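Undergrad: Pasting in a structure now, in structure tokens, and then I'll have a few things to ask.
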Amino acid sequence: MSTEDDRWFTEAQTEGVCLGLRLGREILARKTPYQDLLLAETTELGKLLALDGRIMLTERDEAFYHEMLVHPALLGHINPRRVLVIGGGDGGTLREVLRHKEVEEAVLVEIDREVVQECRRFLGPVHRGSFDDPRAKIVFQPGQEFVSNARSEYDVIIVDSSDPVGPNLPLFGEPFFRDCREALREGGTFVCQCGSPFYYPEELKEVHRDLGSVFGYVEVYLGFVPTYPSGLWSFCLAGDQGVPRVPLREPLFSTKYYTPQVHRAAFALPRFVEELLSQ
Ligand code: SPD
């Protein structure tokens, strides 16, 4: 399908469905110790970051994902001072966390140093200097290892992982969720992305079930990310003292996708999602 002048990146979203993005200049393509890393210009969606052939972000729609991963958790917490981000080596999640003036420290734990290094260099509009913010601390370590050594330290834990395969697998499942619970302070909130409920219902179902066996409260909400499989994307919020489905404060910054109204509406689930969660 690709010729020299007409190159495409295609992600096989399922065995029978692909998404194709027409590429411009390739910025870099190489193997890191953990995964295949690709950074390229696309003709319509800005720069693309793909890991192991999966789209992590395009500049055009990354804010949709990062805002919806971060703001429901932070604006639903009464005073989020210390925040832990697991994964998210492109810096988009960290950027959104640091927009909250209550945040005094944000620790980002990324397994792959090269992802941070290359995103820092080529994806300025995504991280917008967040790696160098005095409130940010960057740690290169497997997220599950870092969390297993933390006790009652964080107000919010955000898991910005890829799909549950390869180096991301340990970030899904009960043992990791238990360690996250231990790492949270009283009244703390956990949030993670849970994939496409349309193509991968089992992923959401299992994360929801496993979080439910660890935390007192779990809530599912949805967002729209055009370049992720099916576009319809799910997230789970969890905590032991309830998880508010409404913002406790107004956001004091501009956004591309998130609004307090979207926040409230995101918890209204289509029938097929309600049904898969109740099975
Ligand atoms: N199907 C890929 C889902 C990836 C979710 N996380 C992306 C990381 C962007 N910060």
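Undergrad: Here are some residues: 191, 243. Which one is outside the structural domain of residue 19 (by TED's automatic domain parsing), within 16 Å of the ligand (Cβ to nearest atom) and crowded, with 22+ Cβ neighbours inside 10 Å? Let's see the steps before the verdict.
TA: Numbers: 243 fails: within 16 Å of the ligand (Cβ to nearest atom).
Step by step, each of 191, 243 is checked, and only 191 is outside the structural domain of residue 19 (by TED's automatic domain parsing), within 16 Å of the ligand (Cβ to nearest atom) and crowded, with 22+ Cβ neighbours inside 10 Å.
Undergrad: If you don't mind, there's one more thing I want to ask. Run down 262, 246, 191, 218 and say which single residue is closer than 19 Å to residue 77 by Cα, assigned to a loop (DSSP other than H, G, I, E, B) and of a type in the set (A, V, I, L, M). Please lay out each step first, then the result.
TA: On the way: 262 fails: assigned to a loop (DSSP other than H, G, I, E, B); 191 fails: assigned to a loop (DSSP other than H, G, I, E, B); 218 fails: assigned to a loop (DSSP other than H, G, I, E, B).
None of the others qualify; the one that does is 246.
To keep it simple, each residue is scored yes or no on (1) surrounded by 24 or more Cβ atoms within 10 Å (Cβ to Cβ); (2) within 15 Å of the ligand (Cβ to nearest atom); (3) more than 28 Å from residue 36 (Cβ to Cβ); (4) of a type outside the set (Asp, Glu).
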{"site": "60", "(1), (2), (3), (4)": "no, yes, no, yes"}
{"site": "64", "(1), (2), (3), (4)": "no, yes, no, yes"}
{"site": "78", "(1), (2), (3), (4)": "no, no, yes, yes"}
{"site": "81", "(1), (2), (3), (4)": "no, no, yes, yes"}
{"site": "88", "(1), (2), (3), (4)": "yes, yes, no, yes"}
{"site": "94", "(1), (2), (3), (4)": "yes, yes, no, yes"}
{"site": "141", "(1), (2), (3), (4)": "no, no, no, yes"}
{"site": "150", "(1), (2), (3), (4)": "no, no, yes, yes"}
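Undergrad: Based on this model, can you work out whether residue 75 counts as modelled with pLDDT of 95 or more, under 27 Å from residue 185 (Cβ atoms) and touching a Leu at 6+ places or on another chain (Cβ under 9 Å)?
TA: Numbers: modelled with pLDDT of 95 or more: yes; under 27 Å from residue 185 (Cβ atoms): yes; touching a Leu at 6+ places or on another chain (Cβ under 9 Å): yes.
It is true that residue 75 is modelled with pLDDT of 95 or more, under 27 Å from residue 185 (Cβ atoms) and touching a Leu at 6+ places or on another chain (Cβ under 9 Å).
Undergrad: Need pairs with beta-carbon distance below 8 Å; first residue touching a residue at least 24 places away in the same chain (Cβ under 8 Å) and under 30 Å from residue 21 (Cβ atoms) and within segment 61-83, second aromatic (Phe, Trp, Tyr) and part of a helix (DSSP H, G or I); sequence gap 6+ or separate chains.
TA: From segment 61-83, no pairs qualify.
Undergrad: Among the residues in segment 172-185, are any within 13 Å of residue 69 (Cβ to Cβ), within 14 Å of the chain's Cα centre (by Cα) and either surrounded by fewer than 17 Cβ atoms within 10 Å (Cβ to Cβ) or not assigned by TED's automatic domain parsing to the domain that holds residue 52 (or both)? Spell out how you get there, then give the answer.
TA: First, pick out the residues of segment 172-185 that are within 13 Å of residue 69 (Cβ to Cβ): none.
No, every residue in segment 172-185 fails to be within 13 Å of residue 69 (Cβ to Cβ), within 14 Å of the chain's Cα centre (by Cα) and either surrounded by fewer than 17 Cβ atoms within 10 Å (Cβ to Cβ) or not assigned by TED's automatic domain parsing to the domain that holds residue 52 (or both).
Undergrad: Something else now. The conditions are (1) acidic (Asp, Glu); (2) in the same structural domain as residue 188 (by TED's automatic domain parsing); (3) in contact with a helix residue (DSSP H, G or I) (Cβ under 8 Å, 6 or more places away or on another chain), and residue 104 fails exactly one of them. Which is it?
TA: Condition (3) is where residue 104 drops out.
Undergrad: Separate question: Do we have residue 105 as more than 14 Å from the ligand (Cβ to nearest atom) and in contact with a Lys or Arg (Cβ under 9 Å, 6 or more places away or on another chain) here?
TA: Details: more than 14 Å from the ligand (Cβ to nearest atom): yes; in contact with a Lys or Arg (Cβ under 9 Å, 6 or more places away or on another chain): yes.
Taking the combined requirement at face value, the residue satisfies it.
The values are calculated or read from the model by the stated rules, or taken from the named source; none is laboratory data. Being a predicted model, the structure only gives us computed values, none of them experimental. So basically every Cβ, Gly included, is an ideal-geometry build from the backbone, and we count neighbours across all protein chains shown.
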